[in-house]
Amino acid sequence: MSSTPTLPSHSDAYWMPFTANRRVKRNPVLFAAAEGMHYIRPDGRRVLDGIAGLWCVNAGHRRPEIVEAISRTAYELDYAPSFQMSHPLAFELADALCEEAPAGFSNVFFSNSGSEAVDTALKIALGYQRARGQSQRVRLIGRERSYHGVGFGGLSVSGIAGHRKPFGNLLPYVDHLPHTYDRQQMAYTRGQPDWGAHLADTLERIVALHDASTIAAVIVEPVAGSTGVIVPPRGYLQRLREICDAHGILLIFDEVICAFGRIDGAFASPYFGVTPDIITSAKGLTNGAIPMGATLVRQHVYDAFMQGPESAIELSHGYTYSGHPVACAAGLATLDICRREGLFQRSQELSRYWEDAAHSLKGLPHVVDIRNIGLLAAIELAPLEGQPGQRAYAVHNACLERGCLIRSAGDTMLLSPPLIIERTQIDELFSVLADVLRASA
Ligand SMILES: Cc1ncc(COP(=O)(O)O)c(C=O)c1O
């Protein structure tokens, strides 16, 4: 680094998202710079990034090719209107994403975040049913413990109680599948649990309750990330697909975390052997360097809209910054890096090593379960009596002080590092976490 980072003056004005503002702002953790696998704190201390920022910096920090693409594009074309006109990079990125997507995905709708990608997917699902003469299909089915962002649509199908409760009833006509976690059946499973495929059959009960003719779509994260890396039981996603097919219901995979190499390949659905109708993505799409979301649809979904007079707008939806040139440039540069460096295969190359490292924490104080898949891991801790979330938060802070960024969510420690991680850095992450847990006994 050429210049010494300085601590910016901070005040109370910044209302921090998903943050205990009063506590955190007394002594905020600030990052001044980043490179490769590391953040750099204002006093120069390096922090090994165990969560890829927030599950997004998959190719590692401050990649020169992405920085260069962003600055060149901002210099050449700061903005282009996205309604009724565009610019070449948006077409180029849409083509490139369809090339990487599972067979049959033909079109991409751009937005600015995972939340927007999800709301776009839900609206497309409703519009699709209406376009094919099924306008009574207005019901959306999510799943308990899922996270689909913070828009009213995504939040309505999400299943994390604490996120929903403060905001009332949200969208009407929403139901939820049960989540797939049962510690008694699956504690310390490596990869996909054998138990639990039958939980998908609850969808048949939901269909029986509401009638298929009222249901537009089912949305699930293939691996539920934010709630604590809940890995789908073998056969579960296949069963969901079969039931959706039997009843004319669209299946949406929210791959905001799972895509771009996190599990295996550019998108995770082929790994699980299931092709949804719609895929949402964001985060790793631009390596976290600039906001962008993308909703990918299969040909039959797009075709359903392409009817009527050519002068008609087929989908009354879009954002001022849909397909922003700078974000498209970042997306293309990110894809280039991932293809050139084989990053979409990296999770699978490392997954056995990663799995062994994660499961080596079994038996340490407070650990009650360990889950993993691809380059994702969750170490679940027993909560402190009467203080849910506080044990994991303390562990997170202690790891940070020892130079490792490991996220806590509830009482689970979450790991999802940049895919460029080396084996020695995997060792470092888990040995720091192990030391902190031993010290907390
Ligand atoms: C599966 C999933 N969907 C949607 C979102 C929302 O993305 P964003 O925070 O970019 O709106 C997230 C964020 O973590 C996510 O994990």
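The values are calculated or read from the model by the stated rules, or taken from the named source; none is laboratory data. The shown structure was predicted, so the numbers you read here are calculated from the model rather than taken from an experiment. Note: ideal-geometry Cβ built from the backbone for every residue, glycine included; neighbour counts use all protein chains shown.
Structure summary
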item: Output for region 244-265, where each listed residue is under 23 Å from Asn372 (Cβ atoms) and within 16 Å of the ligand (Cβ to nearest atom); result: Phe253, Asp254, Glu255, Val256, Ile257, Cys258, Ala259, Phe260, Gly261, Arg262, Ile263
item: The one condition in (1) within 16 Å of the ligand (Cβ to nearest atom); (2) surrounded by fewer than 17 Cβ atoms within 10 Å (Cβ to Cβ); (3) under 18 Å from Ala409 (Cα atoms) that Arg183 fails to fulfil; result: (1)
item: Residue satisfying all of: in region 119-140; within 16 Å of the ligand (Cβ to nearest atom) and touching a residue at least 60 places away in the same chain (Cβ under 8 Å); surrounded by the most Cβ atoms within 10 Å (Cβ to Cβ) among these; result: Ala121
item: Residue within region 303-321 that is within 16 Å of the ligand (Cβ to nearest atom) and either of a type outside the set (Asp, Glu) or out of contact with any helix residue (DSSP H, G or I) (no Cβ under 8 Å at 6 or more places or on another chain) (or both) present; result: yes
item: Candidate set from region 156-170 (those that are touching a helix residue (DSSP H, G or I) at 6+ places or on another chain (Cβ under 8 Å) and not in a helix (DSSP H, G or I)); member that is farthest from the ligand (Cβ to nearest atom); result: Leu170
item: Residue satisfying all of: in region 262-291; in a loop (DSSP other than H, G, I, E, B) and in contact with a Cys (Cβ under 6 Å, 6 or more places away or on another chain); nearest to Glu242 (Cα to Cα) among these; result: Ala268
item: Tally, over region 193-224, of residues that are more than 16 Å from the ligand (Cβ to nearest atom), within 23 Å of Ile278 (Cα to Cα) and part of a loop (DSSP other than H, G, I, E, B); result: 1
item: Qualifying residue in region 142-155 (condition: surrounded by fewer than 17 Cβ atoms within 10 Å (Cβ to Cβ), within 16 Å of the ligand (Cβ to nearest atom) and part of a helix (DSSP H, G or I)); result: yes
item: Cβ-Cβ under 7 Å pairs, at least 6 apart or on other chains, region 249-266 side among the basic types (Lys, Arg), far side more than 15 Å from the ligand (Cβ to nearest atom) and not in a loop (DSSP other than H, G, I, E, B); result: Arg262/Ser347
item: Residue in region 390-405 that is in contact with a Lys or Arg (Cβ under 8 Å, 6 or more places away or on another chain) and either more than 18 Å from Gly162 (Cβ to Cβ) or among the polar types (S, T, N, Q) (or both) present; result: yes
item: Whichever residue in region 348-389 is under 23 Å from Asn58 (Cα atoms) and among the β-branched types (Val, Ile, Thr) and, among such residues, is surrounded by the fewest Cβ atoms within 10 Å (Cβ to Cβ); result: Ile370
item: Residue within region 103-117 that is of a type in the set (Phe, Trp, Tyr), more than 16 Å from the ligand (Cβ to nearest atom) and at pLDDT 95 or above present; result: yes
item: Odd one out for His176 among (1) surrounded by fewer than 19 Cβ atoms within 10 Å (Cβ to Cβ); (2) within 16 Å of the ligand (Cβ to nearest atom); (3) touching a residue at least 40 places away in the same chain (Cβ under 8 Å); (4) not in a helix (DSSP H, G or I); result: (3)
item: Unmet criterion (only one of (1) farther than 30 Å from Pro270 by Cα; (2) modelled with pLDDT of 95 or more) for Ser416; result: (1)
